[in-house]
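The values are calculated or read from the model by the stated rules, or taken from the named source; none is laboratory data. Please read all numbers here as calculations on a predicted model, not as lab measurements. For neighbour counting, all protein chains shown are included, and Cβ atoms are generated from backbone atoms with ideal geometry for every residue, glycine included. Side chains are part of the model used for accessible areas, which takes the heavy atoms of the whole protein and leaves out ligands, DNA and RNA. Shrake-Rupley method; radii C 1.70, N 1.55, O 1.52, S 1.80 Å.
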Amino acid sequence: MRAWQLAWLLARRFRGKRERSGFVSFISASSTLGIALGCMVFITGLSVMNGFEEVLQKRFLSLVPQVEFSAVKGQLKDPQGIIELALAHPQVASARAVIRSQALIQQGTEFVGVQLEGIATEQPHAIADYMPAATWQQLQQQPRGVVLGSQLAARLDVQTGDKLALMVAQQGSFKQPKRQALTVVGTFTFGGQVDHQYAYVDLTTAQALMGFSEGAQAVELAVTDIFAVQQIATQLGYQIDDYVYLDHWMRSQGHLYRDIQLVRLVMYLVLVLVLAVACFNIVSTLVMTVQEKQRHIGILRTMGLRRVRIMQVFIWQGLQNGVLGISLGVLAGIVLTSSLPYVLQWFQQLTGDTLLASDVYFVTSIPVQLQGLDIVLVALVALLMSGLATLYPAWQASRTDIVKAISAT
C-alpha cells in the first residue's frame, strides 16, 4: 500500500463516528454546515449580481444611448454625414438620428413634464420590443401619433385614440411654447422612470414640433463593445466638422455599473471572511481530534510512520470536512439560484409587498444568471481556506512526543 493511501485510510477512520466523541462530531458537523452555507449564499449572491449586470447591458443600454453626438446649438448641420462616418467605424453596430426635448403634456387642467424623443421609425429601435407590434406600426403610419409610457398614460388617464396637447419650448427663444395636438397610438412598458416620463414620436413629428425643416438634434450609436465607448466617442468626435457634445453611457449611467462592481468586490471580501470563520471550526475539530488520538499517534510513530505522514492524515481529515461542505454548498447554491425568482415571486404574492418598486427600478423581479466561473471560484476559495485550516493542527500532531503519548494512556 502506498503511503498516501495509508494516510487517506487513517484519516477516514479517525473521522468515523465510532472513533470520535459526540462533542467533536458536533463541532465537525458545524464546520461542514458553515462551509456549505457560505458557499450557497455567495453563489446565489454572485448570480444576482451577474443578473443585474446582464440586464444593464442587454436591456437598459439598448434604450440608453451608448454613444451620442448632440448639437451644441440648435440642430446638426449634417446628421447623415455623421451617421455614415460612424457606420464606417468597425466597432459601431448602428447609428440613427434623434430629436430630444423636454415638453409639457396638458390633459384637462393637469400639466405633466415628459422627456420627448423623436425617432426614425423606419429603422429598428429597442423601444419597439416593449410595445405591441400594432402600436409600433401605428407610430410608423399615424401622422402626429405619440406612444406614452404605461405609467404616464395611467396618470393622464388616456387611452389609445385619445387626443392630448403637447407644448415644446422653442429653441433659443423666450416666446410662447409651441403647442401641438397629438393622438395616442398606444403605450409601452419598459420599467422604472422610463414608463413614468418618456414619450416617443416619429422623427418627422418631432421636427415639426421643434421647428426644424429637416435634420436632427443628435445622432446616437450602438457599439459592439460597450466598455470602449469613451475611445469610440473620442475617435469619431475628432472627425466631425460640426460643433457637438460628446457623450456616452459611462458618463451618464456609469454609476449603475460601478455600483454593481463595488457590491461584487465587497462580496468577494466577505466571502473570504465568512469562509475563514467557517473553516475555523475545522481547526477546533482537528485540535480536539489530535488530543483524543494521542495514543494512536504514538503507536503509529512507534511502528515507523513518519511525521510527514502523520501531517497528511490530519490534513486529509480536515479536507474531508471541507470537500463535503463545498459539495453540499455548491449543490444548494445551484438549486437556490435556479429557484430564487420563483421563491421571491411567491413571497411577494404572500406578503403583497414589491421588492423592486416599478417607479424606481427598470426590472420588477430579481434577475439571476448562474456562471460556472463563480462556482469554481467559490469552491476553490473554500477549498484553500479548508486546507490552510488543517496545517497547524496537523503540524502539532506530527510533533507529538511518542513516549508521553503512549504512557499517558
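Per-structure values
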item	result
Backbone HN-Hα couplings from phi across the stretch 112-128 [Karplus 6.51/-1.76/1.60, Hz, Gly and Pro as x]	10, x, 9, 9, 8, 10, x, 10, 7, 6, 6, 9, x, 9, 4, 5, 5
Whole-angstrom Cα spans of the stretch 128-236 along principal axes, big to small	45, 36, 26
Per-residue HN-Hα couplings for the stretch 273-289 [Karplus 6.51, -1.76, 1.60; θ = phi - 60°; Hz; x = Gly/Pro]	5, 5, 5, 5, 5, 4, 6, 4, 5, 5, 4, 4, 4, 5, 4, 5, 5
Share of carbon and sulfur in the accessible heavy-atom surface of the stretch 155-234 [1.4 Å probe, %]	46
Length gained when the stretch Leu380-Arg179 is fully extended (0.36 nm per residue, less Cα-Cα span)	65.9 nm
Under-5 Å amide H pairs with Ser94, H placed in peptide plane, nonlocal only	Ala222
5 angstrom amide H check on Ala216, placed H, neighbours 5+ away	Leu76
Amide hydrogen neighbours beyond the local backbone of Asp162, cut-off 5 Å, H modeled	Val184
Charge dipole of the stretch 224-285 about the Cα centre (unit charges at C-beta), most positive-ward option of Phe280, Ala228, Gln253	Phe280
Electrostatic dipole magnitude of the stretch 50-98 [Cβ: Lys, Arg +1; Asp, Glu -1; Cα centre; debye, to 20]	140
Centre separation in Å (Cα based) which lies between the stretch 217-239 and the stretch 249-267	20
For the stretch 88-97, 3J(HN,Hα) per residue [Karplus equation, 6.51 cos²θ - 1.76 cosθ + 1.60, θ = phi - 60°, Hz, x = Gly/Pro]	6, 6, x, 9, 9, 8, 7, 8, 8, 7
Mean-position separation - Cα centroids, the stretch 194-212 and the stretch 59-97, in angstrom	17
Glu84/Glu54 FRET efficiency (R0 35 Å; Cβ-Cβ; nearest 0.05)	0.60
